[in-house]
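Structure first, then comments.
Derivation of every value follows stated rules applied to the coordinates shown; laboratory data play no part. From a predicted model like this one, the values you see are computed outputs, not experimental measurements. So basically every Cβ, Gly included, is an ideal-geometry build from the backbone, and we count neighbours across all protein chains shown.
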Amino acid sequence: MTCAQSLVGCELVWGKTAGRIVETEAYAEHGDQASHTFLRRGTREFIEINPPGTLYVYLNYGVHWLLNFLVKGGSANGFVLIRALEPTDGCQLMTQRRGRSGDRNLCSGPGKLTQALAIDSAFHGRDFFQISDARLLHRRRAVTVEIDRRVGITKSVELDWRFLLANSAFLSVPKKKNPPQSQLRRV
DNA sequence: ACACGGATACTA
DNA sequence: AGTATCCGTGTC
């Protein structure tokens with residue numbers, strides 16, 4: 001999914017906090033058994049009803065809110081899961097919300113970053129571009145994106161739809177594939 | 001290695 | 001109503 005790849009390196013500004021996106025995953029509406037659309041009618045309807053850029057926020061494992069962007073058109077409809085940020089602003093507030101210190105532990109995971117940014121179900125279904133204090137700043141320089149297998153799923157594991165900022169120290173889990181096998185893309 | 005914990009979408 | 005499932009984290 002090209003959107004997931006394009007978001008790597010961009011800065012997500014969320015109120016008084018902000019972070020550079022260092023890890024994303026793509027989930028496709030069709031042909032992807034790991035996507036909610038595969039089993040949930042409600043998620044398929046969500047795609048029909050809402051415009052691209054709508055936030056899809058849901059609770060995972062009864063503990064963590066996970067942040068997804070709805071993407072439409074292009075090669076396929078689907079969602080981009082934001083999995084990790086490199087904190088760039090508001091570290092003190094994020095540390096306070098997380099209840100832990102250390103910049104590397106603030107947003108290095110999809111559940112951690114929603115806690116750090118104070119994202120929960122209240123933002124589910126909201127159009128990202130209509131949220132006044134939320135912004136997406138495009139990267140100013142080219143970055144190297146590494147392609148890897150998605151994390152934490154049991155179905156459609158063969159799809160390499162995880163996108164990492166190369167050599168980032170703020171990833172949720174290290175890349176699984178070794179450099180010779182992994183693909184690198186200058187984007 | 002394991003517990004924690006709730007929305008969703010099924011079944012009946 | 002009851003149950004199975006689930007894109008994780010922190011601590012054991």
*Any idea which of A:Ala134, A:Ser108, A:Val57 is furthest toward the positive side of the dipole for region A:27-176, if Lys and Arg beta-carbons carry +1 and Asp and Glu beta-carbons -1?*
A:Ser108
*asked:* Compute the distance from the alpha-carbon center of region A:77-105 to that of region A:1-76, in whole Å.
replied: 17
*trypsin sites (Lys or Arg not before Pro) within region A:24-74: which are DSSP loop residues with at most 13 other Cβ atoms inside 10 Å?*
A:Arg40
*Selection of chymotrypsin sites (Phe, Trp or Tyr not before Pro), region A:16-118, meeting DSSP coil and at most 15 other Cβ within 10 Å*: A:Tyr61
*Can you list the lysines whose alpha carbon is less than 25 Å from that of A:Lys175, not counting same-chain residues fewer than 8 positions off?*
A:Lys112, A:Lys155
*Roughly how big is region A:1-118's charge dipole about its Cα centre, with Cβ charges of +1 (Lys, Arg) and -1 (Asp, Glu), in debye to the nearest 20?*
360
*Pulled fully out, how much extra length does the chain show between A:Val157 and A:Arg141, if you take 0.36 nm times their separation in residues and subtract their Cα-Cα distance?*
2.6 nm
*Put a dot 7 Å past each Cα toward the Cβ at A:Arg41 and A:Thr2; how far apart are the dots in nm?*
3.4
